[in-house]
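The block underneath contains the structure these notes are about, expressed in structure tokens.
The values are calculated or read from the model by the stated rules, or taken from the named source; none is laboratory data. Because the structure is predicted, anything quoted here is derived from the model rather than measured. Counting neighbours? That spans all protein chains shown, and the Cβs are built from the backbone with ideal geometry, glycine included.
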Amino acid sequence: MLITSALIAPTLPLAFGSDGSSARYRLGEALDPGGRRQPFEDDLLTMLTISELNADLCDRIIEHWLGLLDEHAPGATRHALRVTRHAVALASELGVPQAAWPNLQRGGLLHDVGKLFVPGYILRKRGKLTDPEWTSIREHPGRGCELIRSVALLEPSIEIIRSHHERWDGRGYPDGLAGEDIPLPARIFAVADVWDALTHDRPYRAAWPQDRAIELVRSEAGHHFDPVVVEAFLDTTSYRLAG
Ligand SMILES: [Fe+2]
């Protein structure tokens with residue numbers, strides 16, 4: 001089950017039937033109004049795998065946090081969905097195994113969850129940020145990690161949340177990591193994140209034309225970005241066409 005599908009129609013997936021058929025039930029529909037089990041529920045629940053339960057729980061937590069973030073910083077969910085889609089496409093281009101994609105998706109969707117702790121007026125500010133305001137912005141990866149650590153199931157997704165503002169040349173934040181010391185998912189995500197930010201309107205500037213954004217990404221290979229990731233980005237025409 002794709003995480004993004006849970007954001008559109010939150011459902012509890014239940015696999016059942018010897019023929020492999022499946023159906024979806026909204027959470028709670030397996031219980032009657034008094035909370036008692038329906039006769040068929042035991043059979044269904046025995047076939048519900050732990051991994052499905054875990055995945056569904058993660059999706060619901062992500063959905064909840066993204067909802068809060070979108071109220072705090074309007075547009076955050078659309079940005080997270082777009083960037084995550086781009087990052088997974090780029091991971092595929094780079095040959096990252098599909099088994100790693102769920103954590104990439106979860107980390108991508110929650111990459112800016114730490115902005116819940118940044119005052120809203122800073123996130124919406126159209127003018128130049130003051131030094132204290134920049135300090136507050138730069139705390140969001142660390143604050144996001146603190147939040148993620150409250151849910152053990154999401155710990156494997158923490159690399160993107162912690163390191164998506166690191167730079168290949170070591171001038172990023174919060175840890176000043178450089179080169180391959182930056183986890184690969186975060187190096188991938190950084191390109192997708194900047195690309196999406198450049199090609200969409202922000203409170204402080206209008207969207208750039210795609211050609212200009214592509215040139216910026218190209219010029220930052222070896223500076224902001226991992227050159228190998230940039231090469232894969234440039235080879236993937238979908239970025240030029242993505243909305
Ligand atoms: Fe961020």
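Quick one: how many residues across the range 171-208 are surrounded by fewer than 20 Cβ atoms within 10 Å (Cβ to Cβ), outside any helix (DSSP H, G or I) and either at pLDDT 95 or above or among the acidic types (Asp, Glu) (or both)?
Qualifying residue count for the region: 9.
Return the residues of the range 108-132 that are surrounded by 14 or more Cβ atoms within 10 Å (Cβ to Cβ) and more than 15 Å from the ligand (Cβ to nearest atom); say none if nothing qualifies.
Lys125
Considering only the range 203-218, state which residues are over 21 Å from Glu166 (Cα atoms) and basic (Lys, Arg).
Once the filter is applied, which keeps residues that are over 21 Å from Glu166 (Cα atoms) and basic (Lys, Arg), the range 203-218 yields Arg205, Arg212.
With the checklist (1) assigned to a helix (DSSP H, G or I); (2) hydrophobic (A, V, I, L, M, F, W, C); (3) under 23 Å from Gly179 (Cα atoms) in hand, flag the one item Trp168 doesn't pass.
(1)
Looking only at the range 153-185, how many residues end up being within 13 Å of Arg106 (Cα to Cα) and free of Cβ contacts under 8 Å to residues at least 12 places away in the same chain?
The number of residues fulfilling the criteria is 1.
Determine the pairs where a residue that is closer than 19 Å to Asp235 by Cα, located within the range 73-99, has a partner that is crowded, with 19+ Cβ neighbours inside 10 Å and of a type in the set (S, T, N, Q) with Cβ atoms under 7 Å apart, the partner being 6 or more residues away or on another chain.
Thr84/Gln105; Val88/Gln105
Quick test for you: out of Pro183, Pro141, pick the one residue that is within 18 Å of the chain's Cα centre (by Cα) and more than 12 Å from the ligand (Cβ to nearest atom). Reasoning before the result, please.
On the way: Pro141 fails: more than 12 Å from the ligand (Cβ to nearest atom).
Among Pro183, Pro141, only Pro183 is within 18 Å of the chain's Cα centre (by Cα) and more than 12 Å from the ligand (Cβ to nearest atom).
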